[in-house]
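Each remark here refers to the structure printed beneath this line.
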């Protein structure tokens, strides 16, 4: 709820000579909606802006079914049972959005019409949600259909609001209240404050670990955020020690990495992970989990293919694991007797060549293939944030 919603409900209450019961559904909603706790904090903030004694807040722990007009009738029955005499029904109330053909599943006013049709049986009056616009010259909100033609108005769309939250741009007080904006910024921090995950995938000894450590050092120098390094060998020994290297076990290992990365990213950390991750389906599943569960930082996912040729990885292998795999001592070894599926949807493609000067010295690496200008700019943007 923002200032327009508050003005609408105050206006409706005064017209009907009634008080307002702010009665939001705070159960399960569709993916991508504002989470339960943020919604409740917003309602608690905005309820304090109403005239004294006019409004009360009560939460409805009900899951949205996205049933459109029929759900609007159901909601009207529930509100009647709570003692309401009037029920504000919005445009496309509880609408599921568009169908498989890209058309709206229900008409914008179908819900209002169905509730009105059964208003006598429901014994509750339907109040249509009126679109409101802000008039800067008068510092007031007015219903769109009551504003004289030619009047200068101002509005901020949902898309524009999300952009301002994402970039940290100011949100004017004529649009929302300071307390509400504060809650939203806490739940949806600006890009520079969001966590992110960089997943480097490539053959054993591709240089992914050296790149990860260089990135970690860069991020630590910049300060301002926690940095977590999830090296493939460390994850294997500490988190997946009981797993082998069958396709199913490799998949399970990567999903564990994704779970940890999502939790850290949601807390605002920079996560750098270096699993081998040889299978495309497993990488996509990991990406989907991080995007869905990583909070504001979930969408900041970068897959980096460290595309060092297998021949070079084997040639520079000091641990001798490739030789052991060639002799059959290690089964299911990526690149020898198991496949590596080259990513097709990478954010970046790197080729790393390692030169280790001494065991105690940190490894250095050189890019053997020049990145495109687009890749360079995107990687630079990651480093800056």
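The values are calculated or read from the model by the stated rules, or taken from the named source; none is laboratory data. Note that this is a predicted model, so its numbers are computed, not measured. Positions of Cβ are generated from backbone atoms using ideal geometry, with glycine treated the same way; all protein chains shown enter the neighbour counts.
Is one or more of the residues making up the stretch 214-233 over 26 Å from residue 299 (Cβ atoms), over 27 Å from the mean Cα position of the chain (by Cα) and assigned to a helix (DSSP H, G or I)? Yes; the residues of the stretch 214-233 include at least one that is over 26 Å from residue 299 (Cβ atoms), over 27 Å from the mean Cα position of the chain (by Cα) and assigned to a helix (DSSP H, G or I). Six or more apart or on different chains, Cβ under 6 Å: which pairs go from a residue in the stretch 327-338 that's surrounded by 12 or more Cβ atoms within 10 Å (Cβ to Cβ) to one that's part of a strand (DSSP E or B)? Could you list them? Here the result reads 332/338, each pair linking the stretch 327-338 to a residue that is part of a strand (DSSP E or B). Against the numbered list (1) within 23 Å of the chain's Cα centre (by Cα); (2) assigned to a loop (DSSP other than H, G, I, E, B), residue 241 comes up short only at (1). Mind checking whether some residue in the stretch 12-24 is in the same structural domain as residue 125 (by TED's automatic domain parsing), surrounded by 14 or more Cβ atoms within 10 Å (Cβ to Cβ) and part of a helix (DSSP H, G or I)? Within the stretch 12-24, one or more residues are in the same structural domain as residue 125 (by TED's automatic domain parsing), surrounded by 14 or more Cβ atoms within 10 Å (Cβ to Cβ) and part of a helix (DSSP H, G or I). Answer yes if at least one residue in the stretch 73-81 is in contact with a strand residue (DSSP E or B) (Cβ under 6 Å, 6 or more places away or on another chain), crowded, with 16+ Cβ neighbours inside 10 Å and part of a helix (DSSP H, G or I), and no otherwise. Within the stretch 73-81, one or more residues are in contact with a strand residue (DSSP E or B) (Cβ under 6 Å, 6 or more places away or on another chain), crowded, with 16+ Cβ neighbours inside 10 Å and part of a helix (DSSP H, G or I). Of the residues 144, 152, the single one that is more than 33 Å from the chain's Cα centre (by Cα) and over 22 Å from residue 79 (Cβ atoms) is 152.
Taking the stretch 39-70 as the range and being touching a residue at least 40 places away in the same chain (Cβ under 8 Å) and either outside any loop (DSSP other than H, G, I, E, B) or under 28 Å from residue 165 (Cβ atoms) (or both) as the test, the residues that pass are 41, 42, 43, 45, 46, 48, 49, 50, 55, 69, 70. Tell me the residue from 129, 105, 87 that is modelled with pLDDT of 95 or more and surrounded by 12 or more Cβ atoms within 10 Å (Cβ to Cβ), please. 87 is the lone residue from the list that is modelled with pLDDT of 95 or more and surrounded by 12 or more Cβ atoms within 10 Å (Cβ to Cβ). Assessment of the stretch 30-38 against the conditions (free of Cβ contacts under 8 Å to residues at least 60 places away in the same chain, loosely packed, with under 14 Cβ neighbours inside 10 Å and on the phi > 0 side of the Ramachandran plot) yields at least one matching residue. Checked across the stretch 350-368, the condition of being at pLDDT 50 or above, over 18 Å from residue 250 (Cβ atoms), under 35 Å from the mean Cα position of the chain (by Cα) and part of a strand (DSSP E or B) holds for at least one residue. All of 261, 267 fail the test of being out of contact with any helix residue (DSSP H, G or I) (no Cβ under 7 Å at 6 or more places or on another chain), farther than 19 Å from residue 343 by Cα and either assigned by TED's automatic domain parsing to the domain that holds residue 195 or surrounded by 20 or more Cβ atoms within 10 Å (Cβ to Cβ) (or both), apart from 267.
Return a yes/no flag: does the stretch 217-226 have any residue that is touching a helix residue (DSSP H, G or I) at 6+ places or on another chain (Cβ under 7 Å) and on the phi > 0 side of the Ramachandran plot. Within the stretch 217-226 (the criterion being touching a helix residue (DSSP H, G or I) at 6+ places or on another chain (Cβ under 7 Å) and on the phi > 0 side of the Ramachandran plot), the answer is no, since none of the residues qualifies.
In the stretch 240-258, the residue that is surrounded by the most Cβ atoms within 10 Å (Cβ to Cβ) out of those that are touching a helix residue (DSSP H, G or I) at 6+ places or on another chain (Cβ under 8 Å) and farther than 30 Å from residue 191 by Cα is 250.
Being modelled with pLDDT of 95 or more and surrounded by 21 or more Cβ atoms within 10 Å (Cβ to Cβ) holds for only one residue in 206, 176, and it is 176.
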